[in-house]
Amino acid sequence: MENFETDYILNHLGEDRSNWMHSASPPIFLSSIFIYPDLKSMKEAISKESSMPFYSRGTNPGLSLLEKKLAALEGGESCLLFASGSAAIAAAVCSQVKAGDHVVCVKKPYSWTSKLLHTWLARFGVESDFVEGDETAIRAALKPNTKVLFLETPNSFTFEIQDIEALCRLVKPLAIKVIVDNSFATPLYQNPIKLGADIVVHTATKYLAGHSDALGGALICSLEDREKIFSGEYMTLGGVMSPMNAWLILRGLRTLPLRLEKSAANGLAVARFLEAHPLVERVWFPWLESHPGHQIAKRQMRGCGGLLSFTIKTESPEKVEAFVNSLKIFMLACSYGSYESLCYPAIAAQDSSNYSNSPYPFNLIRIYCGLEESATMITDLESALKLIL
Ligand SMILES: *Cc1c(COP(=O)(O)O)cnc(C)c1O
């Protein structure tokens, strides 16, 4: 049933092919404005700007198609698309707070989410606390003015897991909105709204687009919240997705089940290889039995993707540098979720005069296992590991 629904959504839902001259692929509406034949229809479009094309900062048919699919995949009522994941996150949080309010966020969220809460919203009188993601720590952090609980499970560096259902149950009676960054798991492997969350946010730049060619973000929520966010942050701040990127992301989405399955199988094979290697200290991957959040992950996720981290056994930053420089398949870059395998060592963003300043050890390396064969990746890692002997 689940697969039938996903297949239906990806290839059929919202595809208005008889209106597209029977084109299999949807047209790209590269139009900033829409023309109406008379005043009556123009007035109708203005009054329904959140769902009818009038001006492309509001509604564009290509975006509406992608919105429909992402909302359905998440099991939510509606969706809004943004120029980036960060724009979607900012709109989601800002829509729920005003000066004097308080946000509880899990420790070590995506770096720009941290900056949004810690630095940017603080300027407008919104306070945030960053705490561990277990029930006890979250309960202790709640204040009478807490309006948002922000979760990111798994997070995208050391993959801490939060129990979405339990935390939603905890804060629901307090009228606190739960926002979940679901970028790591994608709508195919985890559906926070079905577990009680109010708003799900995604970067569409990673797995959803899947080809390292488009930036985008999405926010999935109730129709009521969509109306509120549309006339608030969406239209006012104006950081909306372009029609071209919506088309690229929709094209990527069509192959997401296949890409994710391959990347997840590669991730697990590589994680198991690394865990057994004598020169590897520790591996972080939610699908390994050794991961602290493994049990909750297995309960609330259907799969895990190809992103993982590990520390190599060395005291020397130069050895970390030699290791990452010698990789041939894993290319040095940020991001994840596309066809190509990537490597992002923590050391890349650390101050070389003081590694202890960072929340991550200097020998931590994040890799993304893309769509090559896992044996190719393992060969690459194995040769590089020889360098730290
Ligand atoms: C990349 C990422 C974002 C930000 O998305 P952009 O599209 O780069 O703005 C947010 N959350 C997570 C978990 C991410 O990996």
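A compact table of results
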read-out: Set V180, V104: member being over 29 Å from E372 (Cβ atoms) and more than 16 Å from the ligand (Cβ to nearest atom); value: V104
read-out: Residue identified as in contact with a helix residue (DSSP H, G or I) (Cβ under 8 Å, 6 or more places away or on another chain), in the same structural domain as I35 (by TED's automatic domain parsing) and of a type in the set (G, A, S) among A72, A88; value: A72
read-out: Among residues of the range 192-206, those that are within 16 Å of the ligand (Cβ to nearest atom), assigned to a loop (DSSP other than H, G, I, E, B) and of a type outside the set (D, E, K, R), counted; value: 3
read-out: The range 230-239: number of residues that are surrounded by fewer than 24 Cβ atoms within 10 Å (Cβ to Cβ) and either under 15 Å from S64 (Cα atoms) or more than 16 Å from the ligand (Cβ to nearest atom) (or both); value: 5
read-out: Residue list for the range 18-65, filter: loosely packed, with under 12 Cβ neighbours inside 10 Å and touching a residue at least 12 places away in the same chain (Cβ under 8 Å); value: S32, I33
read-out: Pick from the range 327-339, criterion within 16 Å of the ligand (Cβ to nearest atom) and touching a residue at least 60 places away in the same chain (Cβ under 8 Å), ranking: farthest from E261 (Cα to Cα); value: S335
read-out: Residues within the range 207-222 that are part of a loop (DSSP other than H, G, I, E, B), within 10 Å of the ligand (Cβ to nearest atom) and buried (at least 24 other Cβ atoms within 10 Å of the Cβ), tallied; value: 3
read-out: Among (1) in a strand (DSSP E or B); (2) out of contact with any Cys (no Cβ under 8 Å at 6 or more places or on another chain); (3) away from the ligand (no atom under 16 Å from the Cβ) - the single one C343 does not satisfy; value: (3)
read-out: Test result for S309, within 16 Å of the ligand (Cβ to nearest atom), buried (at least 18 other Cβ atoms within 10 Å of the Cβ), hydroxyl-bearing (S, T, Y) and part of a strand (DSSP E or B); value: yes
read-out: Residues (away from the ligand (no atom under 14 Å from the Cβ) and either in a helix (DSSP H, G or I) or at pLDDT below 95 (or both)) located in the range 71-90; value: A71, A72, L73, E74
read-out: Any hit, the range 236-247, residues being more than 20 Å from L10 (Cα to Cα), modelled with pLDDT of 95 or more and assigned to a helix (DSSP H, G or I); value: yes
read-out: Any chance G267 is touching a strand residue (DSSP E or B) at 6+ places or on another chain (Cβ under 8 Å), assigned by TED's automatic domain parsing to the domain that holds T376 and not acidic (D, E); value: yes
read-out: Residue satisfying all of: in the range 185-233; more than 18 Å from the chain's Cα centre (by Cα) and among the basic types (K, R); nearest to M244 (Cα to Cα) among these; value: R226
read-out: Pick from the range 39-57, criterion in a helix (DSSP H, G or I) and touching a Phe, Trp or Tyr at 6+ places or on another chain (Cβ under 7 Å), ranking: farthest from M241 (Cα to Cα); value: M42
read-out: Residue check, E318 part of a helix (DSSP H, G or I), free of Cβ contacts under 8 Å to residues at least 24 places away in the same chain and either of a type outside the set (F, W, Y) or away from the ligand (no atom under 16 Å from the Cβ) (or both); value: yes
read-out: E261 vs. criteria of a type in the set (D, E) and assigned by TED's automatic domain parsing to the domain that holds I89; value: no
read-out: Any hit, the range 265-280, residues being of a type in the set (F, W, Y) and surrounded by fewer than 22 Cβ atoms within 10 Å (Cβ to Cβ); value: yes
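The values are calculated or read from the model by the stated rules, or taken from the named source; none is laboratory data. Being a predicted model, the structure only gives us computed values, none of them experimental. Note that each Cβ is placed from the backbone with ideal geometry, even for glycine, and that neighbours are counted across all protein chains shown.
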